[in-house]
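Structure first, commentary second.
Here, each number is a calculation from the coordinates, and none is a lab measurement. For clarity, every value in this text was computed on a predicted model and none was experimentally measured. Note: ideal-geometry Cβ built from the backbone for every residue, glycine included; neighbour counts use all protein chains shown.
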Amino acid sequence: MAVGIFDSGLGGLTVLAAVQSRLPEVEFLYLGDNLNAPYGVRDSDDLFALTVRSVNMLWDRGCDLVVLACNTASAAALRRMQEGGLPEGKRVLGVFVPLIEALTERQWGDNSPPREVAVKHVALFATPATVASRAFQRELAFRAIGVDVEAQACGGVVDAIEEGDLILAEALVRSHVEALKRKMPDPQAAVLGCTHYPLVAQAFQEALGPQVRVFSQADLVAESLADYLTRHPGMLGTGAGGYLTTGDPGRVSDRAAQFLRRDIRFAAA
Ligand code: DGL
């Protein structure tokens, strides 16, 4: 029995670590499409095709529920997949909605009309494709009114992380935060809208300052998944857990161990 977790590469491991710690009795089958990462510079049709292919791989291995632990894939493909119709008994969830529900002080799955919320100025850091999609602003508008969002496309950060160059990634974070602050000098909250960014979360927090609340997507996704599985206990699937990559398993395993500081062995998808 396993729940599928999908990301373009290593970023979804930040979500995986949180869901494993929140749901220790559940098995997870992780798939990183490292061969095609980064996703954040691709167009939406390309992202849709790559995401559908990866989700199908996880469904074929017995997962009934797949979490798109990738904002870029969620932004480009989630609604399109759900609206196009899913195979019988299969479900796919994204990582945007739990984050927005937390930001707008909602219970998980609360679909009541939009209302005023405490936070008024939000900085969104995400990949160029996620920023271009405006999916975050669209989902936010369904739930809140009067929130000013300034989005910063963080070019290069994911590439640097996938290459294992955290010094470059942190330098890029500082320059993207500076660029954001030129547009919005005093954000109240910051959303790290890419699952790779928790790996450089400290650099974001330091550059933003202690007064800015940085939302941790991984923990919010873990809480919302726990709630979903309580309401849908039949979605645990039939397959076995593990780690799959479309890239080079040895190289991806080394990078994963570097980031999560534990031994993780990937197999070829
Ligand atoms: N980690 C992914 C996200 O959450 C995308 C990174 C990429 O491949 O560009 O957006």
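Along the chain, counting only GluC sites (Glu not before Pro) with a DSSP assignment other than H, G, I, E or B and at most 10 other Cβ atoms inside a 10 Å radius, the longest segment between sites is 89-269. For segment 138-269, go through all pairs of different Cα atoms, get the mean of 1/r, take its inverse, and jot down that Kirkwood value in Å. When all Cα pairs of segment 138-269 are included, the Kirkwood radius is 17.4 Å. Computed about its Cα centre, the charge dipole of segment 13-144 is approximately 300 debye, with only Lys, Arg, Asp and Glu carrying charge at their Cβ. Given the options Val66, Val177, Val221, which has the most mean-square fluctuation in a GNM of the chain, springs set between C-alpha atoms less than 10 angstrom apart? Taking springs between Cα atoms under 10 Å, the residue moving most is Val177. Hull volume per residue, based on the alpha-carbon atoms of segment 15-126 and their convex hull, is 146 Å³. Extension gain, Ala257 to Arg213: 0.36 nm times the residue separation minus the Cα-Cα distance gives 13.0 nm.
Across the chain, the relative contact order, built from alpha-carbon pairs under 8 Å that are at least six residues apart, equals 27 percent. Summarising the label geometry, the points placed 7 Å from Cα in the beta-carbon direction at Glu206 and Asp43 lie 4.0 nm from one another.
For Ala144, the amide hydrogen comes within under 5 Å of the amide hydrogens of Arg115, counting only partners 5 or more places away or on other chains and with H modelled in the peptide plane. Around the Cα centre of the chain, unit charges on the Cβ atoms of Lys, Arg, Asp and Glu (plus for the first two, minus for the last two) sum to a dipole of about 300 debye. Taking a straight line from the alpha carbon of Lys120, these lysines sit under 24 Å away, with near neighbours fewer than eight places off in the same chain left out: Lys181, Lys183. Here the convex hull built on the C-alpha positions of the chain has a volume of 115 cubic angstrom per residue. Taking only the Cα atoms of segment 62-105, the ratio Rg/Rh comes out at 1.01, with Rh defined as the Kirkwood radius.
Centre-to-centre, using Cα atoms only, segment 94-148 and segment 231-269 are separated by 29 Å.
Computed from label points 7 Å out along Cα-Cβ, the spacing between Ala132 and His232 is 3.0 nm.
Each of His176, His196, His232, His121 has some number of other Cβ atoms within 10 Å of its Cβ, and from fewest to most they run His232, His121, His176, His196.
Here the extension length gained between Asp60 and Ser175 equals 37.2 nm, from 0.36 nm per residue of separation less the Cα-Cα distance.
For segment 109-115, backbone phi angles converted through the Karplus equation (6.51, -1.76, 1.60; θ = phi - 60°) give residue-by-residue couplings of x, 6, 9, 5, x, x, 8 Hz, Gly and Pro being listed as x.
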